[in-house]
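Written out below as structure tokens is the structure these notes cover.
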Amino acid sequence: MRDMLRYYLTGMKIAVVEQFQYPAANYFYMIGMIAEPVIYLVVWSTIAQAQGGAVGGYTPGQFAAYYIVWTLVRNMNIVFTPYGWEFLIRQGQLSASLLRPLHPIHGFISYFAGWKVVVIVLWLPLAAFLSLVFKPELHPTLLQVAVFAVAIWGAYLIRTMLSWLLGMVSFWTTRVSAIFELYFALELLLSGRLVPLSLMPLWVQQLAAYLPFKWAFQFPIEALVSPIPPAQLVAGLGMQVFWIVFSTLVMQVVWRIGVRRFTAVGG
Amino acid sequence: MMNMSLFRLAFIYFRVGALNELQYRVNFFVQLLQSFIALGVGLVGLGLVFSHTTDLNGWSRPELLAVMGVHILMGGLISAIIQPNMQRLLDDVREGTLDYALTKPEDAQVVVSVREFRLWRFVDVVMGLIVLSAALFQLQVRLGVWQALAFVTALLLGWAMIYAFWLMLTSTAFWFIRVDQLVNLFEGVYAAGRWPVSVYPDWLRTGLTFLVPVAFAVTVPAEALTGRLTGQTLLGAAALAAVLLLLARWVWSRGLRAYSGASA
Amino acid sequence: MPEREAGLGAALKSLVKRTMREVKAVDRISFEVGRGEVVGFLGPNGAGKTTTLKMLSGLLYPTSGEVGVLGRVPSRREREFLRQITLVMGNRNQLQWDLPALDSFDLNRAVYRLPEAEFKRTRDDFIELLELKDLVRKPVRNLSLGERMKMEIVGALLHRPGVLFLDEPTIGLDVTMQKRIRSFVAEYNRRYGATVLLTSHYMADVVALCKRVIVIHHGHILYDGDLSGLVERFSAYKTIGVTLAEADVDLSAYGEVMGKDGGRVTLRVPKAETPRATARLLAELPVDDLTIEDPPIEDVIERVFALEAPQEAGR
């Protein structure tokens, strides 16, 4: 267990050192990503104003808060892309990592985790700028901030597992873009990324409750932005834990089957 | 510079580009799927907006559908012709492989602007036209000759401005090496064109008009179809397009000069 | 047919060229090449050969000095000029990767505006010369490296340019392929009287094709003239090959021992001492066979480049 911890800390440290050398590249990427939430923010604020101040329980100020925090959560959701699997398999890196005693996913988790630390640091001035421009309504309690700080990492882990699961489709077929693109579209709609789920029709909200997507995206945002009672905050963290554990178990099962198939085929 | 040579070369290279793409028919289906999914998401978004309101900043639902149609159409034109050429130019400048383009007996700017062509992106052009038609049908608009002409003109002018913008942006690679990140920004900014620019706060609207000419690429042609376009705006678009093209040509020439003096 | 121009060729005077890192890639180079000449540029990597070629083809312009090719300034990249030249770089492809070479040839025809009948004649001619008939319909990516290079050269010559700039055209190819390409270039030069400027690492290219050689090192011209003259000027040694009746005799007293191959020993002897060393060998040892040769050109070149370096360091 000790070794594992040391492994993770080393991996994260490497990532931090590396990524701090490219602040410009990281910033450009983040700025490019801002366009999306700004568009959503502007459109929904306009609607809110037209509808007499609020829509779906959100005022323009609350929309601003939602979408600004969105930018950090979105960054926390960026993990190893499932499209990268074909690359891993073809280039033989997967075979190579199978020969090592540690499950390859740990390498990815630790590296990206370190990277996220850098992203968080770089994000703060960006958030300050966006707040100046869009004037969000944000009055979180201390508990909310604490839950948020934990929830973003929970989101990161959920998304990592889901992405890994998705990527493993590559063990069975190379025609993956259809599956991936459909997945991303569903995720966009059901996670709270396009709009806060309270703006969706009721049946969509009910569906989303049973899926992991919203716990990787909407929950951390709302933990900070919406007045949620403490009991519900803690329950939310519990849901995150549930989904992490569940997806990890599924992932391990699929991984075993997939690797067996992969090595049998002689990749 | 704007002589027949441009069209002749464009035609030659597009033909070769089409020949290339036809070899990979599977890419057609991939593109079709991606376009459908994007359309689906867009329609969901539109539906969502209109489940909470009846109009957005004075634009009705079918009018916004028309904007979406133009957005998809223009997006197809950009990703079929402008983007692949600028991407290749960027790679060539960075790796110093621009040489073959410079030894052809044609204007180098023309060569680097037309030599790549992604046929399958035209799926978006077709899809955009279909969405547009649906929108116009819902608006019960009978398209007069002048309106149609104004639309096509606005479209071409908008496309020309986007081209000029891309060329200037890519040309900065002659001086600054790490430009590829800037290119990613365009995707994000272009997404803003999904909605008419009047929705955005003033400062953003100005940026989307004069900094990255998305307004002229999408909103203005859409205005032509929804009866909001004034002759003034169209004239202004023509003037701005001319200015941007000349500016782009100048930046390109300076960049080429720097390239020819510096590399070995 | 292109019109006759007086003083055709390349003339460079007093050139100083700086790159971003303030390195003089080419320093005070001056030469003239006449129409129809085949000139080889020799030099190690970074010597300035490719820079020179790029200046002649218009890809680079000099910091100072003049460049003139076919009576024009290359860096102006005038259409008429570009129509009469061609650039072939051994490690960079121009042909469309996924399409048969024929399609790329058609593309070139359109770009260079070649009349159809003439184009077809030239194309079919070249295809036959290089025995490419069965390969032109295969996608270029399916061709071997050598076949690809042959296609590249055909494509580059379809517009029958009068000046050829060839930058390492045979790099990475096997010996047979190299020979084919060399003979094709020689044939083209013979038929159309084209001027050929060639850079290469392979001495065999230069020896086979070029009567005139320009040696460039550290951006300077070290030698400009006949190939044979190069050896004369730079080699201070001769190679003596001795086969003795006895084996394992130490010959180091007679000269520098370069190698032993069975009974045959190769000695390197300063030019001035060669007659005396030869006489001594014949007199003092049981010699079965003795040859006196100029050192291989590769060795000469190698020494030339190694020789100049210390001097440069002193600048």
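Structure above, values below:
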| item | result |
| --- | --- |
| Given charges at beta-carbon only (K, R positive; D, E negative), |dipole| of the protein assembly as shown in Debye | 1520 debye |
| Packing-based exposure ordering (other Cβ within 10 Å, fewest first) of A:VAL145, A:VAL169 | A:VAL145, A:VAL169 |
| Spatial separation of Cα centroids for segment C:137-207 and segment B:100-141, in angstrom | 38 Å |
| 16 Å reach of a label modelled at A:VAL150, 7 Å along Cα-to-Cβ, counting backbone N of segment A:240-261 | A:240-245 |
| Cα centre as origin, Lys/Arg/Asp/Glu Cβ charges: chain C dipole, Debye | 1520 debye |
| Ratio Rg/Rh [Cα only; Rh per Kirkwood] for segment C:236-293 | 0.91 |
| Counted charge near A:PHE262, where neighbours are those whose Cβ lies closer than 14 Å (Asp, Glu -1; Lys, Arg +1) | +3 |
| Acute angle (nearest 10 degrees) that the helix A:230-265 long axis makes with the longest principal axis of chain A, alpha-carbon atoms | 30 degrees |
| Chain B: proportion of alpha-carbon pairs further apart than 35 angstrom, % | 18 percent |
| Kirkwood estimate for segment B:107-163, i.e. one over the average of 1/r between Cα atoms, Å | 13.8 Å |
| Paired Rg and Dmax values of chain A, which use every Cα atom, in angstrom | 19.5, 64 |
| Viscosity 0.890 mPa s, temperature 25 °C, Stokes-Einstein D of segment B:1-129 from Kirkwood C-alpha radius, µm²/s | 145 µm²/s |
| Label-to-label distance, nm, for residues given as A:GLN21 and A:LEU124 (7 Å Cα→Cβ offset) | 2.4 nm |
| Principal axis dimensions, segment C:132-257 - Cα atoms, whole angstrom, descending | 63, 35, 29 |
| Longest segment of chain B lacking trypsin sites (Lys or Arg not before Pro) that sit in a DSSP loop with at most 13 other Cβ atoms within 10 Å | B:1-141 |
| Coil-residue chymotrypsin sites (Phe, Trp or Tyr not before Pro) of segment A:39-125, DSSP, other Cβ within 10 Å capped at 14 | A:TYR83 |
| Chain B: relative contact order in percent, alpha carbon pairs under 8 Å with at least 6 residues between | 25 percent |
| Cut-off of 10 Å, at most 16 other beta carbons, DSSP loop: longest stretch of chain C lacking such GluC sites (Glu not before Pro) | C:132-245 |
| D_trans [Stokes-Einstein, Kirkwood Rh over alpha-carbon pairs] for segment A:166-223, 37 °C, 0.692 mPa s, µm² s⁻¹ | 266 µm²/s |
| Average projected area [Cα convex hull, the protein assembly as shown], square nanometres | 47.5 nm² |
| Within segment B:218-254: backbone nitrogen closer than 17 Å to the B:ARG142 label point (7 Å, Cα to C-beta) | B:226-227 |
| Total charge dipole magnitude, segment C:94-214, about the Cα centre, Cβ charges on Lys, Arg, Asp, Glu only, Debye to nearest 20 | 300 debye |
| Pairs from C:LYS49/C:LYS211; B:LYS104/C:LYS179; C:LYS238/C:LYS260; C:LYS133/C:LYS179; C:LYS150/C:LYS179 whose Cα-Cα separation, in the structure shown, is over 21 Å | B:LYS104/C:LYS179 |
| Sites C:GLU187 and B:THR54 - FRET efficiency at Förster radius 56 Å, r taken between beta-carbons, to 0.05 | 0.10 |
| Label-point gap, in nm, between A:GLU181 and B:LEU156 - each point 7 angstrom along Cα→Cβ | 3.1 nm |
| Listed residues B:GLU21, B:GLU116, B:GLU63, most fluctuating in chain B (Gaussian network, C-alpha, under 10 Å) | B:GLU21 |
| Segment A:9-51: radius of gyration and largest Cα-Cα distance (Dmax), Å | 17.3, 52 |
| Angle between chain B longest axis and helix B:231-262 axis [Cα atoms, degrees, rounded to 10] | 20 degrees |
| Inter-centroid distance (Cα atoms) of segment B:10-71 relative to segment A:138-211, Å | 24 Å |
| Amide H contacts of C:VAL38 (H built 1.01 Å from N, under 5 Å, at least 5 apart or other chain) | C:VAL196, C:LYS211, C:ARG212 |
| Helix C:116-129 axis, angle to chain C major axis (alpha carbon atoms, nearest 10°) | 30 degrees |
| Calculated over segment A:1-144: convex hull of Cα atoms, volume per residue (Å³) | 158 Å³ |
| Estimated translational D of segment C:10-231 in µm²/s (Stokes, Kirkwood radius over Cα pairs; 10 °C; 1.306 mPa s) | 88 µm²/s |
| Label-point gap, in nm, between C:ARG76 and C:ALA245 - each point 7 angstrom along Cα→Cβ | 7.6 nm |
| Among C:TYR202, C:TYR188, C:TYR254, residue whose mean-square fluctuation peaks in a GNM of chain C (springs only between Cα atoms under 10 Å) | C:TYR254 |
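Coordinate-derived values only; no laboratory data. Values in this document were obtained by computation on a predicted structure and should not be read as measured data. Positions of Cβ are generated from backbone atoms using ideal geometry, with glycine treated the same way; all protein chains shown enter the neighbour counts.
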